[in-house]
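Visitor: What follows is a single structure, and I will ask about it in a moment.
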Amino acid sequence: MMNTKEKRDVFEIFYMKSKPWFRFIHAKDISMQRISRYYGFCICPGGDKGEEDSRIIDVFWGNRPFGKIKRNRGNGRSTAFLAENGAKLNYQLLDSGNVLVSLAPAKTKHLGPIEEFIFVSVIKNPKKLLKINYIRRHWVFIKAYMNITAFEGNKNIKDKLVTFYLRNFKYTICGGRQIEPKIWTALKNLLKFIFTVGLSGFLILTIMSIKECNNKNDNNSIEIIESINRVNSNQADILFKIGDINNKLNDIYSKIIDNEGINPLIE
């Protein structure tokens, strides 16, 4: 298991290799050359703010002007240009030595997707970043996200599926709040439906069957009713356990986030 210093040393190597690697990957992807002519393609070890932060690597498409607004002011007229920002792939070295990988969508000042960020993964073994084939996976993500969220993107079926996966199977930030993967929410709701509506329907069917049966043997009827009561009791226990599991999962994820030092992103 790698210690914090070893993780930082590995990330420093990736920091140095990131620019030539992403240039190579981008140059080989003919499908993205058109959109790169519109927006410009940038690889910024140190971050897109012009700083030299050795903990951050940003890979992104730049700004594309698409209009302007003329305003009348007291001392004359002024012109404001409208621009769209391209999608961004961000690598951030955390205090623990792990690496947080996230995506930001293409957007304008007034229009963009509901999500502000998508958490792709927290890499606990940064040595993975030294394999170019592993980096290509992140390229697939940022390429698809750019195509789907940008005005000039090539919105093909493959990229729609990749973006659907990201939005539904990854944690997102919406309105400054962390949102759990939609697939988790759907599965929990499905389980609740199965163990409430499903078992309730089974009980109703059983009761109707009892009414239609010949009740000559009272002992058998009593046994059936007792069985129904046991099922009903088990149903309540299952629902309680589902809620308990849900709370434990949320606690576990909160502890992970706390350890990684990204609490400011969580409300």
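Visitor: Excluding SER54 itself, what net charge comes from residues whose Cβ is under 12 Å from its Cβ, given Lys and Arg +1 and Asp and Glu -1?
Guide: Here the count lands on -3.
Visitor: To the nearest 20 debye, what is the magnitude of the charge dipole of region 26-92 about its Cα centre, counting +1 on the Cβ of each Lys and Arg and -1 on the Cβ of each Asp and Glu?
Guide: 640 debye
Visitor: Fewest to most neighbouring Cβ within 10 Å: what's the order for MET2, MET32, MET16?
Guide: MET16, MET2, MET32
Visitor: Restricting everything to alpha-carbon atoms, can you work out Rg to Rh for region 58-202 with a Kirkwood hydrodynamic radius?
Guide: Ratio of gyration radius to Kirkwood radius for region 58-202: 1.13.
Visitor: If you don't mind, another one. With N set to the residue count of region 82-147, report its C-alpha Rg divided by 2.2 N^0.38 Å to two decimal places.
Guide: Expressed relative to 2.2 N^0.38 Å, the Cα Rg reads 1.24.
Visitor: Go through 86-92, 164-170, 45-51 and give me the packing order, highest mean Cβ count within 10 Å leading.
Guide: Final packing ranking: 86-92, 164-170, 45-51.
Values quoted throughout were computed directly from the atomic coordinates according to the rules given, and no laboratory measurement underlies them. What you see is a predicted model, and the numbers here were worked out from it, not measured in a lab. Because the Cβ atoms are built from the backbone with ideal geometry, glycine has one as well, and the counts that use them run over all protein chains shown.
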